[in-house]
Structures are given as C-alpha cells and as structure tokens.
Amino acid sequence: MRKLLLSGALAFAGVFAFAQDKQATLTPASAAPAQQASEQDMKNMADIKFDADTFDFGTIKQGDVVTHEYKFSNVGKEPLVITGAHGSCGCTVPEYPKDPIKPGATATLKVTFNSAGKEGEQHKNVTLVCNTKVRNEMLYVTGFVKKKD
C-alpha cells in the first residue's frame, strides 16, 4: 500500500513540475519577443499576387481539355518558393515553377482541366503551398461541361 501511495505521489509531483515548467515558458513576458520577431518576419516574407485567381473556361464538350496560365508576381521582400501545388481532383493538374521567384519578378502557373467523365457545372480549385503569410494560396477553375452528343 505504501509503495502504491509513494508511486502516486511521485507521479503527481512529476506532472506538477512539468506543468509549472510549461507555464513558465508561456508567460506573456517571454512570449512578447517571439511575437514581435514573428510580426517582423511576416513583413519581410514573400507575397504572391495573381492577375486573376479564377479562370472560367465557359462551355466545353465532355472530353475536351482546357489549359490556362495564371500570371503572378512576387510582391514581397523575400524570394517566393512554391513547394507544392495540388488540384482538387485528378482532372485538374497544376504545373508550377520549381525555382524561387525573386521579389518583383513575375511568373506563370499552368493548370490543365480534363473534362472526360464530367458533366454540368464545374468548380475546381488548385492549392499552392508556398512561403507566403497564408502558406496556402488558392486558384479556381470554373465552367460548364456539355454532355457529348
């Protein structure tokens, strides 16, 4: 019985010491410099600006393939790095620049939509993973796919 009580007391003391140590690292005084550094870093980050974030391909026939190039600029202070781009389905395939885009420079991102097996209103998106403030930038492809005759 004594061993059980002693084990419980030691476990409680360990948890209590961990909680106090954890709380000490979260005090407002110690968090303020980290927050300020983070805000400064945010001001210096890469930032992406698209000429347009949505492309409407209009009405196409089922089975048609449409491609659009989204033009964009790095309006931030650091090189823009796109580490990934993913379509919302296998029918929407992005191709993005692999090299960093310098501040002030422009580039294009190509998106191909394959309408095979699709019918009616279409709303697809592409998610870009990059070193911007929001980390995930979104592009959109919309239109209407007319059933094959």
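The values are calculated or read from the model by the stated rules, or taken from the named source; none is laboratory data. What you see is a predicted model; the values in this text were computed from it and never measured. Virtual Cβ from ideal backbone geometry, glycine too; neighbours counted across all protein chains shown.
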*What are the residue pairs meeting all of these: first residue in region 91-120, first residue assigned by TED's automatic domain parsing to the domain that holds Met138 and over 14 Å from Val75 (Cα atoms), second residue among the acidic types (Asp, Glu) and not in a strand (DSSP E or B), Cβ atoms under 6 Å, and 6 or more apart or on different chains?*
Ser115/Asp64
*Only one of these conditions is not met by Lys148: (1) charged (D, E, K, R); (2) buried (at least 17 other Cβ atoms within 10 Å of the Cβ); (3) more than 14 Å from Val66 (Cα to Cα). Which number is it?*
(2)
*When both residues are 6+ apart or on different chains and their Cβ atoms are under 7 Å apart, which pairs have a first residue that lies in region 126-149 and is without any contact (Cβ under 8 Å) to a residue 60 or more places away in the chain and farther than 13 Å from Leu80 by Cα, and a second that is among the polar types (S, T, N, Q) and surrounded by fewer than 15 Cβ atoms within 10 Å (Cβ to Cβ)?*
Thr127/Asn136
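Residue by residue, here is whether (1) at pLDDT 95 or above; (2) in a loop (DSSP other than H, G, I, E, B); (3) of a type in the set (A, V, I, L, M, F, W, C) holds:
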position	(1), (2), (3)
Phe12	no, no, yes
Lys22	no, no, no
Ala37	no, no, yes
Ala52	yes, yes, yes
Glu69	yes, no, no
His86	yes, no, no
*Considering only region 54-82, how many residues are touching a residue at least 40 places away in the same chain (Cβ under 8 Å), surrounded by 15 or more Cβ atoms within 10 Å (Cβ to Cβ) and of a type outside the set (A, V, I, L, M, F, W, C)?*
6
